[in-house]
Structures are given as structure tokens and as C-alpha cells.
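Data first, discussion second: the structure below is written as C-alpha cells.
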Amino acid sequence: MRYKLLTVDDSKTVRIIVQKAFKLFDCEVIEAYNGVEGLALASKESPDVILLDVTMPVMDGIEMLTKLKSDPVLKSIPVVMLTAEGGKDSVVKVAKIGVRDFIVKPFKEDLLIQKVGRIIDLKPITDTPTKVRSVFDPATVLIVEDKPAIYAQIQDGLKHTPWDIQCVSTTGEAIDACGRSTIDLMMISLSLPDEAAFTLFRVLRANLKTKYTPIFGLVVKTDAAAQQLAQQVGFTGLATKPLDMSELEAKISRAMNLDTSERYFRNDQDTLVMSLPENCGLAVMNEVATHLKSKISEAVDSGINKAVFDLHEVRRLDMNLIKFLLSAMQSCREVSLHFSLVGSGAIVTECRAYEDTRSWHFYETLEEARASFLNI
Amino acid sequence: MPAIEDIPETVFQDTVSRAVHRVFSTMLGRSAVLEPIDSLTPPDATELEHPHVVGTVGFIGSINGLIYLYLAVPFAQECASHLLGMNTAQLAKAGDEAVNDAIGEITNMTVGTFKNQLSDRGFPCRLTIPSILRCSRISIKPMSSATRRIYRFKIGSHILTADLLMQTGE
């Protein structure tokens, strides 16, 4: 359900700030310049909440509120006053007419979201059907870690991604960073002093802006107690130290619900190309496998009948990779998709050592592999 | 209720300092530091030689008054850009109107915070609608019955001048 929020303020600046505050939520913000426009829009649009200023031309907020509360249809719409008129007398006067809440300007966007969030169930806009984010889209990852070496390791390990990796060392700085901008994923060191990671986690979950943000605990592999506690309180996942960066990258992509298929699959003219990376560990294999069938189906559906498995970056062959490739070949055969392989000399040599792979023929380049289809 | 002349100077200074600091730290993430100047001396026109955006909001009640906030145009643009979440190009496209409105709102919030403190001290009053002046070499001559105080704040590398004109009201 998309909620409607009506902001009634003669200041365009305030109306823009309100629009900005709620743009990440599944909530439509409609605007009125004064009380007359506000009443008209309230009747026409039936908003779920009204944010109302006091001092406005034509009809001020007090008069609009009085008329609203005397209208049998409109009186049940919750009103939050958002005004610089915050003296005790003003507050008491307005409270007598009937408002749900009162925000005195100046105000932080977070406070506005929090107060409106108490009235309507604000949900991040990502919960509604939108374009799936790709692994090549920018995102912001915030690390809360007091050990610079760990931050440096993460930043270095993810430098090839389009993600902005930020680091803070205290919980206060983390809360400030979340207030300043939208964080797509957080990693909090569970070894911060005084169990600060768990306190921060609770604060973030109580805040509408970060309620649904994926949060990972950064923890030493052997610290079972901290890992158990993190799982109990509801951390999205764990990143165990020493860090395996390719595994961490895959976990982050999954937690942010990113479409990683573009990293491995592309349609190159009339050919589906599947490129495997240098480090083809189990996490990567699982990730590629989740996209394989759908990508083959999509390719066939769009008229493609050739596929190349490009392994030229892969350094070594292991049983997991062999099993995966056998499964990929079988999937191609099932839909009559012709395929060929590209690989380095080292891979070709390794293939000769296994019964299942001895007969595999590799081309040195993608162009050669594509040319081989001319004989079909 | 004490007359305006009986209100100690420190009350005005503290009240306006708190208001400026609260607005600039909450809305713009900037701290405002009060400059040690004589609050009875009007701003020198040469200080305001460059083009300025001046926001004005009044308050009416047991004290009547006006507060002018003087911001040099680049500072006003910087504030508007931050407040509206616009970059320089977007702000330029939005024009002076957007800057005026943003400074009007900053003034409204500052004067509101100032007068709310006065209201809570037993001087109830209400705000008027903001207005904006764009000018160079501005000089304001208040009526002789008005109490005037001038405060200057350093905000980053910029200066904000607050000019208060008040007299006892209803």
C-alpha cells in the first residue's frame, strides 16, 4: 500500500526537505502552499498524514486545523505540526484543537521520519517492485571497526567494485554517517569495547531509515560466543576474520539482493558468453550456478544458439569446477545450445589428468571459439 | 512583566546565539561561533559592501520586533544548496528564487527559536511571514524607541550578521 502524506507549508524549502526525507520510502508526498490549498487537497486526496505549518499566508495552520477537525470526513486524518511556532502557549493552543504530534523547526529529517513512522507503517521503497540493482551499480558500505588494518583489507579487497567503502571507528560516528546519507550495507566489528556492536545494532534497527539495512558482524572465526549472540539478536550475517574477500563480496551482493549475473554472463552478438573469474572458489561457483539455467533459457528465448565458457582467467581446475562445467554442458545439451571452451595452457594440462575432462577441447581466444561454430 | 529595557544584555546574546547555533547545526551541520563585537554598534556599510541576501522575520506580541540575518550571496547559495540537496548547477537552474526561499526559511527557524525562548520566559509573541532583501551597502535606521542589538557569527569561513530591533508590545 502506498501511503499519501500531505505537507502544507508556504516555504518551498520545507516542502523539498519533506520530499527528500521520504523519497526512500513507499510514500507519496503531496504539497500545499497554504491552509486553503491544504484543505482542498485533504478532501481530494484523503492523505494518511498531514504535516502542517502554522504561519502561512491566506489561511494559517491554526485555522486549517480547526476547519479540518470540524469536518466529519477529514477530522480523523492525523496531523503533525511542523512549525517554528514552538513556544509553550502555541503548543498548548494547538494541542487543544487536536494534533497527533508536534515538531518544532529546526528539525532533523530522521526525527520527521521517526514521528511519521509512528503513524503509518513506512516501508523502504526497495520493498516494492523496482528495477533490480546490479552488481555494477554504486552502493555505500559502512564499516564500523576500530582496527585500521581490517578496514584497509576490506577496502583493498573490494576496490574493483563500484561500492563506496566508508569506515568509522565508533558507534556515534556510525549513527552520524547513517543520518547523513543512505547506507546500503553495514559491517560492525563485534569486538568493539563494551559490546557496543550489539547496542549499535539495536539502535539501527529501531530507526526507520536503517531498520531494513543489511548488517554483518565482523568477528574472529574462533569467537563462537560472539557469533552466536550476533545470530540471536538478528544480524543479517557474519564476516569471519581472517577475511576471504571473494566470499565476503559474494555475501555482500546477496545481502544487498544485487543481480550478479552480469558479472559472469553476457550476450555477445549471437553467443552467450559465460566468463569465470581467476579465483573460482565454491562461493563463486554457487553464485554462477544460481544464474546458469535462467541465463541459458533467456539466451535460447532470444534466439541465441551458441555458448562459450570462457575460463582463460581461471588459474586451476578442481572437482567443484569440473562438476559445475559438466552440469553447464548438460544444461546446454538439453536445449540444443552448441558450446565451446576457452582456457589457458595450464587448464588444458590439468584437464588431461582427469578421466571426465580429458576429451575437452579448449580454444585459446574467444574469437577462435566463436569461429569454431562456423563449422556447425 | 519586565520592560524590554530591563532584560539583561546577556539574555539577548544567549538567546540569539542559541537560536543561530541550533538552526545551523541542525539544518546545515555547521557550528556558529559568536564574534566578540560591540552589540550596540550597527554594522558598518563597508562590511556589507558585497551583494547580500537579507532574511527578515518579525514577531508580534508582548515584544514586537524584527530580526535581519545578513548573508553574503556565496554563503546564501551554499546554505541553500545544502538545505535543498542541490548541486551548484541545479541551484543555478533553480535561480535566485530557490536561494531566497531557503534563506527565508533559515531566518524563520532562527527567529522562531529566538522568540520561542522569549515566549517561555513570559513574553508571548507570534511570528510573521519571512521576507527577503537582496542588496549591497545596506544600512538600517531604526526608530529611536527601538532597542537594537547586533551580533556577528563565524560559520566556517563565512560571517552571519544578526540585527535585532525590538520594542515593548501589547
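Take the residues of the stretch A:10-20 that are under 20 Å from residue B:23 (Cβ atoms) and more than 9 Å from every other protein chain (Cβ to nearest Cβ): which is farthest from the chain's Cα centre (by Cα)? Checked the stretch A:10-20; the qualifying residue farthest from the chain's Cα centre (by Cα) is A:15.
Given the criteria surrounded by fewer than 18 Cβ atoms within 10 Å (Cβ to Cβ) and either β-branched (Val, Ile, Thr) or more than 14 Å from every other protein chain (Cβ to nearest Cβ) (or both), does residue B:133 qualify? The answer is yes for residue B:133. In the set (1) farther than 21 Å from residue B:4 by Cβ; (2) more than 8 Å from chain A (Cβ to nearest Cβ); (3) assigned to a helix (DSSP H, G or I), residue B:19 fails one condition alone, (1). Taking the stretch A:232-283 and the strands (runs of 3 or more DSSP E) fully enclosed by it, the elements with 2 or more residues that are crowded, with 16+ Cβ neighbours inside 10 Å and outside the structural domain of residue A:218 (by TED's automatic domain parsing) are at A:271-275. Does the stretch B:98-108 include one or more residues that are free of Cβ contacts under 8 Å to residues at least 40 places away in the same chain, hydrophobic (A, V, I, L, M, F, W, C) and out of contact with any Ser or Thr (no Cβ under 6 Å at 6 or more places or on another chain)? Checked the stretch B:98-108: at least one residue is free of Cβ contacts under 8 Å to residues at least 40 places away in the same chain, hydrophobic (A, V, I, L, M, F, W, C) and out of contact with any Ser or Thr (no Cβ under 6 Å at 6 or more places or on another chain).
Give the stretch A:72-95 a look and list any residue that's out of contact with any Phe, Trp or Tyr (no Cβ under 8 Å at 6 or more places or on another chain) and away from chain B (no Cβ under 12 Å), or say none. Selection gives A:72, A:73, A:74, A:75, A:76, A:77, A:78, A:79. Among residues of the stretch A:19-30 being part of a strand (DSSP E or B) and surrounded by fewer than 19 Cβ atoms within 10 Å (Cβ to Cβ), the one that is modelled with the lowest pLDDT is A:28. Residues in the stretch A:21-61 that are within 12 Å of another protein chain (Cβ to nearest Cβ) and under 18 Å from residue B:130 (Cβ atoms): A:33, A:34, A:53, A:54, A:55, A:56, A:57, A:58, A:60, A:61.
For residue A:168, state whether it is among the hydrophobic types (A, V, I, L, M, F, W, C) and more than 18 Å from the chain's Cα centre (by Cα). Here the answer is yes, as residue A:168 does meet what is asked. Taken over the stretch B:72-120, residues that are surrounded by 16 or more Cβ atoms within 10 Å (Cβ to Cβ), within 12 Å of chain A (Cβ to nearest Cβ) and of a type in the set (D, E, K, R) amount to 3. From the list A:355, A:367, the lone residue that is without any contact (Cβ under 8 Å) to a residue 24 or more places away in the chain, among the charged types (D, E, K, R) and assigned to a helix (DSSP H, G or I) is A:367. Kindly establish whether residue A:142 is under 19 Å from the mean Cα position of the chain (by Cα), surrounded by 14 or more Cβ atoms within 10 Å (Cβ to Cβ) and either over 30 Å from residue A:279 (Cβ atoms) or away from every other protein chain (no Cβ under 14 Å) (or both). For residue A:142, the condition - under 19 Å from the mean Cα position of the chain (by Cα), surrounded by 14 or more Cβ atoms within 10 Å (Cβ to Cβ) and either over 30 Å from residue A:279 (Cβ atoms) or away from every other protein chain (no Cβ under 14 Å) (or both) - is met.
Scanning the stretch B:59-71 for residues that are within 13 Å of chain A (Cβ to nearest Cβ), touching a Gly at 6+ places or on another chain (Cβ under 7 Å) and on the phi < 0 side of the Ramachandran plot returns B:59, B:60, B:62, B:63. Selection of the stretch B:137-160 for residues being under 22 Å from residue B:35 (Cα atoms) and either within 14 Å of another protein chain (Cβ to nearest Cβ) or small (Gly, Ala, Ser) (or both) yields B:139, B:156, B:157.
The values are calculated or read from the model by the stated rules, or taken from the named source; none is laboratory data. Just so we're clear, the structure is a prediction, and the values are computed from it rather than from any experiment. Every residue, glycine as well, gets a Cβ built from its backbone with ideal geometry; the counts of neighbours run over all protein chains shown.
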